[in-house]
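To start, the structure itself, in C-alpha cells.
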Amino acid sequence: MEKIIIKTPEQIDGIRKSCKLAGQTLEYIAPFIQAGVSTEFLDQKIEAFMRENGAIPATLGYGGYPKSSCISLNEVVCHGIPSKDTILKDGDILNVDVTTILNGYYGDTSRMFTIGEVSPVALDLIEVTKHCLNLGIQQVRPGNQFGNIGFAISKYAKARGYSVVYEFCGHGVGVNFHEEPQIDHTSRRNTGPIMKPGMTFTIEPMINEGRPGTVVDKNDNWTARTVDKKLSAQFEHTILITETGCEVLTDVTGEY
Ligand code: MF3
Ligand code: CO
Ligand code: CO
C-alpha cells in the first residue's frame, strides 16, 4: 500500500544540496522585497539566481504553471502568480515559495515577508503560522505518525483564534515535486503512516485570519484566495527524517 519513498544516502545527498540552494534563494531575494517592485521582477531575480547556481525552477511549466516562484500577497493563500501588475506596497504581507531542481533533486521552501508597517493582526498571524510550522517539525521522528503533525498545528492555530487551510497540503518531495504522503495540516492525533528514516517531505501550513475556505481564481486557475478575503500566511520547509529525529534541509539560517 505505502508508496512513500525511502531515499538512499546518495539521493539524500542530492536532496540536501537542492534544499540548501532553495533556502539560499529566499535569503538572496529578501533584500529585493520592497515597496514599489513588482512580483514579476522578484520572480525574474529568483529564476536567474537558481540558474546561475545550476538549478531549474520546478514550478516553471509544472501543470502549466507559468512562473519560477509563487508569490502570494495578503488574502492569497498560495499559488499567487508573479505579475508585472502586482506592485508591492506598504502594509502588504507576502509569501515567497521557491522549489529548486538541482541535479534532478527537489528542494521546496517558503516564508513570509512584510512591506513597511503592517497591521498588528498581520504580524500576529505571521508569528503564529511560523510557530505552527515549528510545532509540526517537533513531531518529526522515526516511529511517530504523520497525522500528529497536523494535529499539533491545528490545535495551536485554533487556540490562537485562527483557522487552518485544509484544501492544500504538504507532501513528500525529493526525487519528484509531489510524492506521497500528503501532509494534512488539520489531521487527527495518531493517524496516518509511520515516519521512517530516509523519508523527505514538506510541512507548509497555511493559516487564515478568518474562515478556512479558499477559492481558486476563475481567470488564471491558480491563485487561491481566502473565501472571506481576510489574510492568510504560510511557512514551508523540506525535512528529512533521521535515525534520531529530523533535519530541516531548507533551513540555511541555523535556526534548527
Ligand atoms: N511550491 C508549492 C508547494 O509548496 C507548489 C507550487 S506548484 C505550482 O507545493 F505549480 F503552483 F507552482
Ligand atoms: Co511544497
Ligand atoms: Co513550496
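Quickly estimate the mean residue ellipticity at 222 nm for the chain, helices only: each DSSP H run with n ≥ 4 gives -39500 (n - 2.57), and the total goes over all residues, rounded to 500. List each step's numbers first, then the result.
Working: 4 runs with 67 residues, N = 256.
After summing the helix terms and dividing by the residues of the chain, the value is -9000 deg cm²/dmol.
Can you work out the accessible area per residue across the chain, with the rest of the protein chains kept in place, probe 1.4 Å, in square angstrom?
Numbers: 11160 Å² over 256 residues.
Computed with neighbouring chains in place, this is 44 Å² per residue.
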**OP:** Would you mind working out the magnitude of the charge dipole of segment 1-85 relative to its Cα centre, with +1 at each Lys and Arg C-beta and -1 at each Asp and Glu C-beta, to the nearest 20 Debye?
**Re:** 200
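Ignoring GluC sites (Glu not before Pro) that are buried or in helix or strand per DSSP, and keeping those with at most 12 other beta carbon atoms within 10 Å, what is the longest stretch of the chain between them? All intermediate terms of the calculation are to be shown ahead of the outcome.
Numbers: sites that count: 2, 117, 243, 255.
Answer - 118-242.
Using Cα pairs under 8 angstrom and six or more residues apart, how large is the relative contact order of the chain, in percent?
23
How much of the accessible area of the chain, probe 1.4 Å, is carbon plus sulfur, in whole percent? Could you put the intermediate results ahead of the total?
Values: 5630 of 11160 Å².
The nonpolar share, carbon plus sulfur, comes to 50 percent.
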Original post:
Which net charge results when you count Lys and Arg as +1 and Asp and Glu as -1 among the other residues whose beta-carbon is under 15 Å from that of residue 255?
Top reply: -2
Original post:
So which aspartates and glutamates pass the test for residue 17, namely a Cα distance under 14 Å, with those fewer than 8 places away in the same chain ruled out?
Top reply: 108, 247, 251
**OP:** Would you mind checking the pairs 130/158; 20/155; 45/218; 89/230 and listing those with alpha carbons more than 24 angstrom apart?
**Re:** 20/155; 45/218
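When a/c is below 1.5 the answer is rounded, else prolate if a/b is larger than b/c, else oblate, so apply that to segment 9-248 with a ≥ b ≥ c taken from the square roots of the Cα gyration tensor eigenvalues. Please report the intermediate quantities before stating the final value.
Details: a/c = 1.75, a/b = 1.13, b/c = 1.56.
Cα axes put segment 9-248 in the oblate bin.
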Subject >> Integer Hz, Karplus 6.51/-1.76/1.60 couplings in order for segment 57-66, x for Gly and Pro >> reply: x, 5, 6, 5, x, 6, x, x, 5, x
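The values are calculated or read from the model by the stated rules, or taken from the named source; none is laboratory data. Quick caveat: nothing in here was measured; it's all calculated off a predicted structure. Virtual Cβ from ideal backbone geometry, glycine too; neighbours counted across all protein chains shown. We work out accessible area using only protein heavy atoms, side chains counted, and drop any ligands, DNA or RNA first. Shrake-Rupley method; radii C 1.70, N 1.55, O 1.52, S 1.80 Å.
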